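In what follows, a single structure is set out as structure tokens and then discussed.
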Amino acid sequence: MKKRIPIIVANWKMVKTAEESSAFIQQFYPLVKENLNKKRVFIAPSFTALHAASVAAKGSFIQIGAQNMYFEAEGAFTGEISSKMLKEAGAEFVLLGHSERRHLFGENNALVNKKVHRALKEELVAILCVGETLKEREEGRTEAVLTTQLKESLAGIRTEQIRHLIIAYEPVWAIGTGVSATAEMAQHAHLLCRECLGGLFGKEGADKLSILYGGSVKAEVMQELMQEPDIDGVLVGGASLNPETFAQIVNKA
Ligand code: PGA
């Protein structure tokens, strides 16, 4: 038995409107309700759907959160959004350093680090995403890449702060491609991450941290993934967009 409670996160990316998000939650909740005392379910809709989603999820134990935020508290940062705004809209967590932010919008570890600091300071759960590209894996650099991402993105974070931290290992080559990492490959990477986290926060700290796998997760691979000792849950994109499909994933975790 694992000590860490399973966490299942939906990342809806730039897909659902506010109305669609509420409708999803209304259909989805009855399908997973019985299991929600044994697992944590998080949903990250778009910014404009946060409020509607958090109203729809009220009293359900489903937690609503954002896909990104800026690290400054407020000011002249056109187009950005603050932790205070997210919290006001009902967000309880935020994804940080997602592969699409890193690769399409040029976010680097230094920027992600500032965001992690802000989120933890404001008591928003920070889900820090890391992962290697196919090229990095083929060059045998997976361990080095993951270690650098974790060390730099978590620089200056103190062990007392990590109760609000979750790590997501998402190999870039598995995101949205239909090619999921095997459970064995994911476990190997999760163990590397946990060892690195042990170096940062001590073994006890690292043992408490949940590490999620993300990248083409489907219900069929859940059992295998969740059997691995260091895989504590999943971060799901495509397969989280349909209430039935996502409910199957939640119920199998
Ligand atoms: P995917 O996305 O499940 O569609 O591969 C995962 C993610 O980007 O978080």
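Throughout, read-outs are computed from the coordinates displayed, never taken from laboratory work. Given the structure is predicted, the values throughout are model-derived calculations rather than measurements. Cβ: placed from backbone, ideal geometry, glycine included. Neighbour counts: every protein chain shown.
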- Query: Among 182-193, 59-70, what's the highest-first ranking by average C-beta atoms within 10 angstrom per residue?
  - Reply: 59-70, 182-193
- Message: Quick check: the distance between the Cα centres of segment 88-164 and segment 180-253, to the nearest angstrom?
- Response: 16
- Note on the structure: For L235, other-chain or 5+-apart residues with amide H closer than 5 Å (H placed, Pro excluded) are V9, Y213, G214, G215
- Task: Kindly provide the chymotrypsin sites (Phe, Trp or Tyr not before Pro) of segment 75-109 that DSSP labels as loop, not H, G, I, E or B, and whose Cβ sees at most 12 other Cβ atoms within 10 Å.
- Result: F77, F105
- Percentage relative contact order, segment 107-243, counting C-alpha pairs under 8 Å, at least six apart: 24
- If exposed means trypsin sites (Lys or Arg not before Pro) lying in a DSSP loop and surrounded by at most 12 other beta carbons within 10 Å, then the longest stretch of the chain lacking such sites spans residues 59-157
- Note on the structure: Here FRET efficiency (C-beta to C-beta, A155 to L191, R₀ 22 Å, nearest 0.05) is 0.50
- Message: Under the rule of at least 5 residues apart or a separate chain, name every residue whose amide H is placed under 5 Å from the amide H of L95.
- Response: A66, Q67, N68, I127
- Note on the structure: So the FRET efficiency between H164 and N35, C-beta based with R0 = 30 Å and rounded to 0.05, is 0.80
- Message: Could you tell me the relative contact order of the chain? Use alpha-carbon pairs under 8 Å, at least six residues apart, and round to a whole percent.
- Response: 20
- Item | Across K39/K252; K58/K115; K39/K208, pairs whose alpha-carbon gap is larger than 18 Å | K58/K115
